[in-house]
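A.B. asks: Got a structure here, written out as structure tokens. Questions coming.
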Amino acid sequence: MKKEAKIRPFWYSDVWLFPKLITVITSLDEQGRINAAPYSHIMQYDVMTKNPRMIIGFRQDSHTFQNICATKEFVVNCPSADHLDDMMETARFYPEGVNELEHTHFTMIPSLHVKPPSIKECPQIAECVAEEIVKLEKSSGIVIAKIKALVFDEELIDMGREERIRRMNLPIGLGDEDRQDYFHTTLGHLTMHKLGEAPDAIRGSQVQLGMPWDADALQALMTIPPMVRKMVTEQTEGWCSSKGHASVSLAQFNAYAAEQGMTPEFMERFRRKKQSA
Ligand SMILES: Cc1cc2nc3c(=O)[nH]c(=O)nc-3n(C[C@H](O)[C@H](O)[C@H](O)COP(=O)(O)O)c2cc1C
């Protein structure tokens with residue numbers, strides 16, 4: 001039997017379980033004073049290299065949101081589970097102008113592209129600049145931000161995902177009770193699922209060509225994962241038209257792909273995965 005739960009204030013964290021990313025966002029106010037606080041209402045927004053973005057939801061009267069409205073720049077720092085106490089310390093309600101990091105074991109280090117500092121102890125960091133700020137009435141403040149840099153502890157960058165997951169040991173937020181008791185979990189059993197091709201995938205990925213394609217350009221198109229092949233076809237043709245070409249050659253296909261960050265080395269990752277699957 002199922003039963004409808006009452007929707008009360010803070011339903012998203014009180015009754016509904018959203019496993020969430022734990023971050024500490026650092027920002028500066030107009031006088032250059034540092035602020036830090038945890039934020040979990042955060043998601044990747046655009047995934048292509050030309051416009052990587054994050055989207056984040058804030059209480060509109062939070063210092064972090066007000067700082068971002070005023071100075072635009074901020075840093076998303078992901079602490080490991082070893083620093084959950086420090087992360088919680090930054091959530092306490094300190095008056096405006098207090099640097100919460102001074103009440104923690106976190107160390108501030110200069111960021112690479114923005115003015116607010118980064119946190120040394122965080123293995124994964126995104127330096128961001130707000131592009132669009134939405135202030136709906138009686139709602140969260142939404143920030144859509146361009147990612148200027150993704151910064152990691154050096155040894156993590158070339159590590160395989162499984163080893164990286166274990167090494168980073170990021171905590172997973174599971175919400176709170178009464179805005180007082182916050183629940184977190186850390187990595188337990190890790191499962192991995194292979195995304196094989198569905199039996200009829202080839203039919204789903206059939207594309208309608210809007211202009212002639214050279215044979216080698218078509219062959220290159222077939223190396224694109226089926227679920228994005230239609231989108232890539234349309235975008236490539238749009239790009240070729242905008243450049244005054246009436247057909248798609250391999251050189252044009254590669255030039256457009258490279259502009260989107262899909263360099264031959266990047267595409268090689270998909271080919272390798274397919275062969276080993
Ligand atoms: C784990 C955790 C996640 C949080 N996530 C958010 C969030 O996504 N949005 C938000 O408005 N507040 C969030 N909070 C509450 C803010 O961190 C808290 O209100 C803080 O005092 C705000 O600080 P500031 O005014 O310095 O920005 C979270 C708190 C914790 C402990």
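A.B. asks: Does at least one position in region 232-240 carry a residue that is more than 24 Å from LEU195 (Cα to Cα) and among the polar types (S, T, N, Q)?
C.D. replies: If we filter region 232-240 for residues that are more than 24 Å from LEU195 (Cα to Cα), which is where we start, we get 234-240.
Going one step further and asking which of them are among the polar types (S, T, N, Q), we end up with 235-236.
Among the residues of region 232-240, at least one is more than 24 Å from LEU195 (Cα to Cα) and among the polar types (S, T, N, Q), which makes the answer yes.
A.B. asks: Would you check which residues across region 142-178 are assigned to a loop (DSSP other than H, G, I, E, B), surrounded by 11 or more Cβ atoms within 10 Å (Cβ to Cβ) and out of contact with any helix residue (DSSP H, G or I) (no Cβ under 8 Å at 6 or more places or on another chain) and list them? Even if it seems obvious, please write down each step before you answer.
C.D. replies: Looking only at region 142-178, we keep the residues that are assigned to a loop (DSSP other than H, G, I, E, B), and these are 153, 157-160, 169-171, 178.
Narrowing further to those that are surrounded by 11 or more Cβ atoms within 10 Å (Cβ to Cβ): 153, 159, 169-171.
Selection gives ASP153 alone.
A.B. asks: Okay, next question. Could you list all residues from region 29-50 that are more than 21 Å from the chain's Cα centre (by Cα) and either near the ligand (Cβ under 7 Å from one of its atoms) or not assigned by TED's automatic domain parsing to the domain that holds ALA145 (or both)?
C.D. replies: So the first thing to find is which residues in region 29-50 are more than 21 Å from the chain's Cα centre (by Cα), and the list is 29-35.
Listed by number, the list holds a single entry, ASN35.
A.B. asks: For CYS78, all conditions in the list (1) within 10 Å of the ligand (Cβ to nearest atom); (2) in contact (Cβ under 8 Å) with a residue 40 or more places away in the chain hold save one; what is the number of the exception?
C.D. replies: The one condition CYS78 does not meet is (1).
A.B. asks: Would you mention how many residues in region 51-65 are more than 8 Å from the ligand (Cβ to nearest atom) and either among the hydroxyl-bearing types (Ser, Thr, Tyr) or more than 18 Å from the chain's Cα centre (by Cα) (or both)?
C.D. replies: Residues of region 51-65 more than 8 Å from the ligand (Cβ to nearest atom): 51-55, 60.
From what is left, the residues that are either among the hydroxyl-bearing types (Ser, Thr, Tyr) or more than 18 Å from the chain's Cα centre (by Cα) (or both) are 60.
Here the count works out to 1.
A.B. asks: Another one. ASP14 - would you say it is modelled with pLDDT under 95 and over 18 Å from VAL134 (Cα atoms)?
C.D. replies: For ASP14, the condition - modelled with pLDDT under 95 and over 18 Å from VAL134 (Cα atoms) - is met.
A.B. asks: What are the residues in region 41-59 that are buried (at least 17 other Cβ atoms within 10 Å of the Cβ) and closer than 22 Å to ARG92 by Cα, if any?
C.D. replies: HIS41, ILE42, ILE56, GLY57, PHE58
A.B. asks: Contact list please: Cβ distance under 7 Å, first residue in region 13-41 and free of Cβ contacts under 8 Å to residues at least 60 places away in the same chain and of a type outside the set (S, T, N, Q), second residue within 9 Å of the ligand (Cβ to nearest atom) and in a loop (DSSP other than H, G, I, E, B), pairs at least six apart or on different chains.
C.D. replies: These pairs meet every condition: PRO38/ILE22; PRO38/THR90; PRO38/ALA91.
The values are calculated or read from the model by the stated rules, or taken from the named source; none is laboratory data. Keep in mind that what you see is a predicted model, and the values were worked out from it rather than measured. Positions of Cβ are generated from backbone atoms using ideal geometry, with glycine treated the same way; all protein chains shown enter the neighbour counts.
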